[in-house]
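Enquirer: Before I ask anything, let me first share the structure, which is written out below as structure tokens.
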Amino acid sequence: MDARDQNGMTETEFLRQYDPDRYEKPAVTVDMLIFTVNPERDYSLELLMIERGGHPYLGKWALPGGFVEMNESLEEAAARELKEETGLSDIYMEQLFTFGDVDRDPRMRVISVAYMALVSKDKLHPVAGDDAANVKWFTIKTQEDDSRILLAKGVTLTEESIAFDHEKIIKTALQRLRNKVEYTDIAFELAGEKFTLTQLQSIYEAILGRKLHKSNFRRGIVDRLEKTEEKETKSSNRPACMYRKKDEEREHRF
């Protein structure tokens, strides 16, 4: 026998007469943070941003993202919007956080679910599309007071010049990255199959946003590595030994 509520209705009867317009509904969006490190610029940490081609915040820089459609999941929306605005696809993204300040979007009440990824630079070739007027990689520079500026050719972004509340989202993502580099091997994934200790330390420093003591870093990481027979010969300095992760360290992913 179907259960009946205090009005004597079954669930089927309740749903048949239910008015979905009884309550106001917020819109839902997804925003994507795609991070990488640039080996051609001392493994600096970079973030993909788009220049908005329409209102609101016309001409301002923002994270790629957009509205979730009624027939798709959050993950499907994130993949679709990233593809439409930057041309990037087949990137594994991890859900970061949900941002729901009442006035975060001037158009209406909008709740955004942010996703993030940390991917090797050689796999990424973004091209602006849809309502994105431009797309650029921005180098993240952390100031002494822990504020940030984002630098790209011809563009400098401060915390106040980024659209919507995306600076808050970026700050949250950076803290997640810094936590992850402490207990996962995401830094190894970005270093490639073989790397020098200097290269690996540069990646850690880029993600953490601070310099590390050379001997302390090497002492703390060496047990997770094995030395190869190869030497790094691309730099003009004395050739350095190349390392790789030990087999048991090759399990984690972002």
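The values are calculated or read from the model by the stated rules, or taken from the named source; none is laboratory data. Just so we're clear, the structure is a prediction, and the values are computed from it rather than from any experiment. So basically every Cβ, Gly included, is an ideal-geometry build from the backbone, and we count neighbours across all protein chains shown. What goes into the accessible areas is simple: the full protein's heavy atoms, side chains included, and nothing from ligands, DNA or RNA. Shrake-Rupley method; radii C 1.70, N 1.55, O 1.52, S 1.80 Å.
Enquirer: Which pairs do you get when a residue that is closer than 10 Å to K194 by Cα and surrounded by 12 or more Cβ atoms within 10 Å (Cβ to Cβ), found in segment 225-240, comes within reach of a residue that is at pLDDT below 90 and not charged (D, E, K, R), reach meaning Cβ atoms under 7 angstrom, with the pair 6+ apart or on two chains?
Expert: E232/P239; E232/A240
Enquirer: So, one more: Does segment 57-66 contain any residue that is open to solvent by less than 30 Å² (accessible area, probe 1.4 Å) and of a type in the set (S, T, Y)?
Expert: Checked against the condition, which is being open to solvent by less than 30 Å² (accessible area, probe 1.4 Å) and of a type in the set (S, T, Y), segment 57-66 yields no hits at all.
Enquirer: Let me ask something else. Of the residues T36, T29, which single one is touching a helix residue (DSSP H, G or I) at 6+ places or on another chain (Cβ under 9 Å), hydroxyl-bearing (S, T, Y) and closer than 25 Å to L190 by Cβ?
Expert: Just one listed residue meets the conditions, T36.
Enquirer: Filter segment 40-56 for residues that are surrounded by fewer than 15 Cβ atoms within 10 Å (Cβ to Cβ) and of a type in the set (K, R) and give the result.
Expert: R41
Enquirer: Looking at segment 110-125, which of its residues are under 27 Å from S73 (Cβ atoms) and surrounded by 14 or more Cβ atoms within 10 Å (Cβ to Cβ)?
Expert: V110, I111, S112, V113, A114, Y115, M116, A117, L118, V119, L124, listed by residue number.
Enquirer: Could you check segment 126-212 for strands (runs of 3 or more DSSP E) lying wholly inside it with 1 or more residues that are in contact with a helix residue (DSSP H, G or I) (Cβ under 7 Å, 6 or more places away or on another chain) and open to solvent by less than 30 Å² (accessible area, probe 1.4 Å)?
Expert: 132-142, 148-152
Enquirer: If you go through segment 80-92 one residue at a time, how many are among the aliphatic types (A, V, I, L, M) and crowded, with 20+ Cβ neighbours inside 10 Å?
Expert: 2
Enquirer: Which one of M70, M9 is of a type in the set (A, V, I, L, M, F, W, C), part of a loop (DSSP other than H, G, I, E, B) and open to solvent by 80 Å² or more (accessible area, probe 1.4 Å)?
Expert: Matching residue, one of M70, M9: M70.
Enquirer: Name the single residue that is nearest to K121 (Cα to Cα) among those in segment 15-39 being open to solvent by less than 80 Å² (accessible area, probe 1.4 Å) and in a helix (DSSP H, G or I).
Expert: Among residues in segment 15-39 that are open to solvent by less than 80 Å² (accessible area, probe 1.4 Å) and in a helix (DSSP H, G or I), the one nearest to K121 (Cα to Cα) is P39.
Enquirer: Could you say whether any residue in segment 127-134 is of a type in the set (D, E) and either touching a His at 6+ places or on another chain (Cβ under 7 Å) or free of Cβ contacts under 8 Å to residues at least 12 places away in the same chain (or both)?
Expert: Within segment 127-134, none of the residues are of a type in the set (D, E) and either touching a His at 6+ places or on another chain (Cβ under 7 Å) or free of Cβ contacts under 8 Å to residues at least 12 places away in the same chain (or both).
Enquirer: Among residues belonging to segment 93-109 that are more than 15 Å from the chain's Cα centre (by Cα) and farther than 20 Å from G53 by Cα, point out the one that is most open to solvent (accessible area, probe 1.4 Å).
Expert: Looking at the filtered set, the residue picked out is D103.
Enquirer: Determine, yes or no, whether L48 is touching a strand residue (DSSP E or B) at 6+ places or on another chain (Cβ under 8 Å) and either in contact (Cβ under 8 Å) with a residue 40 or more places away in the chain or in a strand (DSSP E or B) (or both).
Expert: yes
Enquirer: Hey, another quick one. Using the structure shown, decide if R218 is at pLDDT 90 or above, surrounded by fewer than 16 Cβ atoms within 10 Å (Cβ to Cβ) and closer than 21 Å to K121 by Cβ.
Expert: Judged against the criteria, R218 is not a match.
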